[in-house]
1. Does SER260 count as among the polar types (S, T, N, Q), assigned by TED's automatic domain parsing to the domain that holds LEU328, within 19 Å of SER315 (Cβ to Cβ) and at pLDDT 80 or above?
2. When you scan the stretch 32-45, do you find a residue that is surrounded by 14 or more Cβ atoms within 10 Å (Cβ to Cβ) and under 19 Å from ASP98 (Cα atoms), even just one?
Amino acid sequence: MRVLVLYVDRDGDLKKQGFETPVIGRDEVLRLGIRYILESPDDSDANAIFAAVKIYDRLAAEYGRGGVSVAVVSGSPDESVANLVVIRELEQVLSVFDADVIYFVSDGPSDEAAVPAVQTKRPVISVHRVIVRQARGVEETVALFKHYFNKAVKELRYRRYIIGVPAFLAFVLMLGAAINLELMRRILELSSLFLVFLIALYGLGIYDFLKRVFVKYEITFMTVVIFTFTLTVYFVSAITPYGWIPYGAVIVTSALPGISYVVESYHAERRLKYGGIVACCIVVSFFCFLLPVLLRPRVDLAELMASFVLFLLVSGAAVLAVRVARRLAGGPGGVIKRRRDLTA
């Protein structure tokens, strides 16, 4: 098995300092690390380069130098093309050393965002993150804080979250003080709830699961998250004295995933997803007719049966309408398809 120890500078810090990549081979990578640390002694990229050389030495001593190599690739400051640049440079490395697997080395989460891109070329067997230990003195702590504060203020990818989002929330709060404090306070409460809800989904792994499921349908993914949030907050508010969200909002948001899925799939494939239309109708009819009855403290059996029959009728009508529309639109043996065949 041939192993490539790969350090990925996804955000292109090496190129900003004028260093050309990719760099392949122990001596070349070590020379790059020395040159880079002389240029930027406070940057963690140099430490990660040396860590890659150290890992290479350990693997070479155990498995032999013929089956192990080390390389450095660099991406781009532009997030939209960073992974593409990494893949292009990795292909150049693999043309020189055709590895079976990759030992990924990084200096933080931003570089590790390139792991999925690297895995499209070779399997990643391990990810090693280099954490630089800092001095504990007060002066060094102040200097370190100043360094990262300047980084957060000057670099757009950090500035939009550290400065932009809090400034926008402060603007909304001050606008509320000038117009309607109660309304703006409610907006901020719901926004904070939604943010915490997203963090909970991410921590529990549900966010990643939904993203994998809807990887081709980004808008549908967001509508599913919004609907889940709306439904969760509604159920919580139903058992508390705070009526944050009206039930009408639940009905509206329940239709959004189905509608967005049908529209997105048609835009991508030029095919109408009839199953998505049926699913949307069934979900909306459930929230319109069945759930309001089930949420009442005392459920009347006759009313429940009537709601269930109404739910079945609407769902059945949706299925029937879709079958007719599919037949007319030229499905298997459809009317329009037969007419086209006769015309041809």
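The values are calculated or read from the model by the stated rules, or taken from the named source; none is laboratory data. All figures in this text were calculated on a predicted structure; none of them were measured in a lab. Every residue, glycine as well, gets a Cβ built from its backbone with ideal geometry; the counts of neighbours run over all protein chains shown.
1. The answer is no for SER260.
2. Scanning the stretch 32-45 turns up no residue that is surrounded by 14 or more Cβ atoms within 10 Å (Cβ to Cβ) and under 19 Å from ASP98 (Cα atoms).
Residue by residue, here is whether (1) out of contact with any Asp or Glu (no Cβ under 7 Å at 6 or more places or on another chain); (2) over 27 Å from ASP42 (Cα atoms) holds:
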site: GLY66; (1), (2): yes, yes
site: SER74; (1), (2): no, no
site: ASN83; (1), (2): yes, no
site: VAL93; (1), (2): yes, yes
site: VAL96; (1), (2): yes, yes
site: SER106; (1), (2): no, no
site: ALA114; (1), (2): yes, no
site: THR120; (1), (2): yes, yes
site: PRO123; (1), (2): yes, yes
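Yes or no, residue by residue, for (1) in contact with a Pro (Cβ under 9 Å, 6 or more places away or on another chain); (2) free of Cβ contacts under 8 Å to residues at least 40 places away in the same chain:
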| site | (1), (2) |
| --- | --- |
| ASP42 | no, no |
| ASN47 | no, no |
| PHE50 | no, yes |
| LYS54 | no, yes |
| GLY67 | no, no |
| ALA71 | yes, no |
| PRO109 | no, yes |
